[in-house]
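The values are calculated or read from the model by the stated rules, or taken from the named source; none is laboratory data. Every value quoted in this text rests on a predicted model; they were computed, and no experiment measured them. Backbone-built Cβ (ideal geometry, glycine too); neighbour counts: all protein chains shown.
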Amino acid sequence: MAEAEKAYQLKGHAKFVDIARLFGWDGVNAFWYSINEDYENGIIWSKHGSNINDLILRWCRSVGVDLRPLFHFWGTHPSNAEALKTAVIAQKFPASAEIYDALLRYRSLVPEDNKAFQDFALNWWGHKPSIDGYWTEREHARQWDNELLWDPPQVPNGEIYDESSSARIKAVIDGLLDMYFPGGRPSTDAGIDMITWSGQPVQLDPNIPADGAPALTYAWTADPADGVVFSDPAALAPTVTITKATDNPSPVNVKLTVTGGLNPVEGDTITIYVYDDACKAAIGAGAAAGHPTDLDGNCITDLKDFSIMATKWLNNTGLKEPALK
């Protein structure tokens, strides 16, 4: 779209409507509250001079997810795509399943051919669009059929909307999906499997929207549940303390269930392997087993290890005779 279309027409405001529709009004309120708070502290955001990367990043922070694909779809492109990508990754704003689904839905609405486009335009305007109408109506009038209403035409096939027009629009959306969702539709990710020892708190680190995302609620559960205590089972990233001292290791499946937004209930599970003590956990993690100075295997290098070494001091381990290979 042209810059003026984005500035004041409906298609320029649509990204904000989408943010409120997909994530609730809290994120919208948080963004504008932060802008007003800056103003009271003498920090002025110019509507013409502010860096768009900074604004998109602030929107991500207010809502708690990566909003880049939504802004990009509605015509607000980053000023430095790589720098913004780096900042989003550093601040752990996750990809949004809601945005992914919305882009797929918009793709499904693209008219397939001229007949479908004419049906769409008639439904929009209630009549055949006129070249004498305002901006958007003029654009629809130009694409109605092959009558040249504007010179020069701006698309390769002339004025008319046809199958190639549909393919170009869908290709743009496909490009955004490939760019921002290379792994496909994102889903709930409870994190990665971990190793700990009995009674030691573990910080859970799921890869989903950050604290404060208004449309989501969280529930952590464990199986087996005996001896498992969450600091807050309804928090995004609580700690969990597991008291298990019967097996080495004693696996506990910890599940995160996420509800809210436009998506169905989703869940993901990680396994935490619990050892009797820190030493056995270190050996289980491969961090202590076979350490060259810990000869008695207790995770401490001390005189006991030296004593073991002394019993083998000056031992000749060379071959006494040739050996078969």
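Tabulated data for the structure shown
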{"read-out": "Any helices (runs of 4 or more DSSP H) falling wholly within region 80-163 and containing at least 2 residues that are over 30 Å from Asn53 (Cβ atoms) and hydrophobic (A, V, I, L, M, F, W, C)", "value": "114-125"}
{"read-out": "Unique match (being modelled with pLDDT of 75 or more, touching a Leu at 6+ places or on another chain (Cβ under 8 Å) and aliphatic (A, V, I, L, M)) among Ile192, Ile173", "value": "Ile173"}
{"read-out": "Odd one out for Asn53, checked against (1) surrounded by 12 or more Cβ atoms within 10 Å (Cβ to Cβ); (2) under 24 Å from Leu216 (Cβ atoms)", "value": "(2)"}
{"read-out": "Selection within region 56-86 - of a type in the set (A, V, I, L, M), buried (at least 18 other Cβ atoms within 10 Å of the Cβ) and over 18 Å from Gly24 (Cβ atoms)", "value": "Ile56, Leu57, Leu84"}
{"read-out": "Residues of region 22-65 satisfying the condition of being more than 20 Å from the chain's Cα centre (by Cα), among the small types (Gly, Ala, Ser) and part of a loop (DSSP other than H, G, I, E, B)", "value": "Gly42, Ser46, Gly49, Ser50"}
{"read-out": "Leading residue by the ranking (nearest to Lys6 (Cα to Cα)) among those in region 87-105 that are touching a helix residue (DSSP H, G or I) at 6+ places or on another chain (Cβ under 8 Å) and surrounded by fewer than 16 Cβ atoms within 10 Å (Cβ to Cβ)", "value": "Leu104"}
{"read-out": "Selection within region 3-38 - in contact with a Phe, Trp or Tyr (Cβ under 8 Å, 6 or more places away or on another chain) and basic (Lys, Arg)", "value": "Lys6, Lys11, Lys15"}
{"read-out": "Some residue of region 90-110 being among the small types (Gly, Ala, Ser), over 25 Å from the mean Cα position of the chain (by Cα) and closer than 24 Å to Ala171 by Cα", "value": "no"}
